[in-house]
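Right, one structure below, let's go through it.
The values are calculated or read from the model by the stated rules, or taken from the named source; none is laboratory data. Remember, it's a predicted structure, so these values are computed and weren't measured experimentally. Here Cβ is always computed from backbone atoms with ideal geometry, including for glycine, and neighbour counts include all displayed protein chains.
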């Protein structure tokens, strides 16, 4: 379906206009005088000439000056720079589309928050359509009735096809917007960038008092974190959910893949990316999404998310790999786990020397640059790798812990991978059982999806190529 998404304008034809307020990504790091590291995905970028001073000026937010427009576009495309667009909400530019099936209890309060907006409710073959119709009539919104259930993606497509305004705001019925006008104003302002196809706010769990609700508030699977980011496969934010998603109609094309009952939002975001469009995550704007009402539904939701990886992997290949790493990072941490840290230290040292040799002709303190890059890319990869292993293979790791010779290593991986959840959150002992259940359910779902599609793509690690050679690491030649 990728060919049914229109191509984005070429970046070279859309420089960031002078006068636009921009801010450097908060995770961007200047290395020596000529380099900046960061972005989506993380990279090392050389800043020639006076580019460093320009980027440094944007660190705390500043306007793009004449002559800086193309440089600003380059950094925006790489996720190192974020435009700070402002605007006034134009309700005539947005159609709000809400797919729903029987959930009148959630639909009613949401519609009460959307008064004054152009709203279309899509009844996706509800068992009691009269209740949905009465609710739509009460709030004077448009209603589309589907006689056959088409799933969330199909219902959204039906709503998009029945509306005409340039922006589409898709909302799930169980989402809550404290100030809908403010949310839509701040999201719609992002579309001043002609290369932007979609943007999404932060989706946080609700404020319920139950253990499930409290866990959801901290670890909702729909929460992409507290940092603004360009959404890029393999980046810090690799997708955004469609619980609240604003899309440029001219980029929407054929819309959601209706064959996907879950994961259709991930698929759409990646197809937009593949056609050259930008998708932005705006963490400063937040909506809430309630946890599932029962433990059975909560657990089932996690399984469904995991199971979606099977069909997504058929469409997007290695992007669904449970682990993505280069061979030497894996080798370094595997050696540490096997009780051979000196082997891991040698791998890190050779990799650092290799990078130093590659950038030696570009001037500056290449040793400092190489040290920081390798520390970030290799030394800092241990806990995220453990987290990725536990997320998908947690049950297998626990099974390994039953073997006396594997127990200590398996438990180290499991504890580190589980604890990594709390790197940005305060630890609560009551979260631990739910965290374990969350990971188990997701892992079961991935296996279920692989079984359904008869493919191991979503269970197969992605090992990226490395320019470091085996002979360098084992000492047959020196890194140059």
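Some notes on this structure:
- Qualifying residues in the range 36-51 (those that are closer than 22 Å to residue 228 by Cα and touching a strand residue (DSSP E or B) at 6+ places or on another chain (Cβ under 8 Å)) - the one surrounded by the fewest Cβ atoms within 10 Å (Cβ to Cβ): 43
- Restricting 334, 325 to residues that are surrounded by 17 or more Cβ atoms within 10 Å (Cβ to Cβ), modelled with pLDDT of 85 or more and within 28 Å of the chain's Cα centre (by Cα) narrows the list to 325.
- Put simply, of 184, 167, 222 the only residue that is assigned by TED's automatic domain parsing to the domain that holds residue 99, closer than 28 Å to residue 112 by Cα and in contact with a helix residue (DSSP H, G or I) (Cβ under 6 Å, 6 or more places away or on another chain) is 167.
- For the range 85-97, the criterion of being more than 30 Å from residue 136 (Cβ to Cβ), surrounded by fewer than 22 Cβ atoms within 10 Å (Cβ to Cβ) and touching a strand residue (DSSP E or B) at 6+ places or on another chain (Cβ under 7 Å) is satisfied by no residue at all.
- Taking the criterion of being touching a residue at least 60 places away in the same chain (Cβ under 8 Å) and either in a loop (DSSP other than H, G, I, E, B) or buried (at least 18 other Cβ atoms within 10 Å of the Cβ) (or both), the residues of the range 14-35 that qualify are 14, 16, 20, 22, 25, 26, 27, 31, 32, 33, 34, 35.
- Qualifying residue in the range 411-418 (condition: out of contact with any strand residue (DSSP E or B) (no Cβ under 6 Å at 6 or more places or on another chain), without any contact (Cβ under 8 Å) to a residue 12 or more places away in the chain and surrounded by 12 or more Cβ atoms within 10 Å (Cβ to Cβ)): yes
- Across the range 190-212, the number of residues qualifying as closer than 28 Å to residue 18 by Cβ, touching a helix residue (DSSP H, G or I) at 6+ places or on another chain (Cβ under 8 Å) and not in a strand (DSSP E or B) comes to 2.
- When each of 231, 237, 246 is tested for being within 27 Å of residue 104 (Cβ to Cβ) and touching a strand residue (DSSP E or B) at 6+ places or on another chain (Cβ under 6 Å), the lone residue that passes is 246.
- Test: residue 360 is more than 22 Å from residue 243 (Cα to Cα), touching a residue at least 12 places away in the same chain (Cβ under 8 Å) and in contact with a helix residue (DSSP H, G or I) (Cβ under 9 Å, 6 or more places away or on another chain): no
- Sub-8 Å Cβ pairs linking a first residue in the range 44-66 that is at positive phi to a second residue that is surrounded by 14 or more Cβ atoms within 10 Å (Cβ to Cβ) and assigned to a strand (DSSP E or B), at least 6 apart or interchain, are 61/21; 61/22; 61/23, ordered by first then second residue.
- Looking across 312, 268, 278, one residue alone is surrounded by 16 or more Cβ atoms within 10 Å (Cβ to Cβ), over 28 Å from residue 213 (Cα atoms) and in contact with a strand residue (DSSP E or B) (Cβ under 6 Å, 6 or more places away or on another chain). It is 278.
- Residue within the range 164-179 that is at pLDDT 95 or above and farther than 29 Å from residue 284 by Cβ present: yes
- Given (1) in the same structural domain as residue 423 (by TED's automatic domain parsing); (2) crowded, with 19+ Cβ neighbours inside 10 Å; (3) at pLDDT 90 or above, number of the condition residue 342 does not satisfy: (2)
- Taking the range 57-156 as the region of interest, the strands (runs of 3 or more DSSP E) fully inside it that hold 3 or more residues being within 28 Å of the chain's Cα centre (by Cα) are 81-83, 94-100, 118-124.
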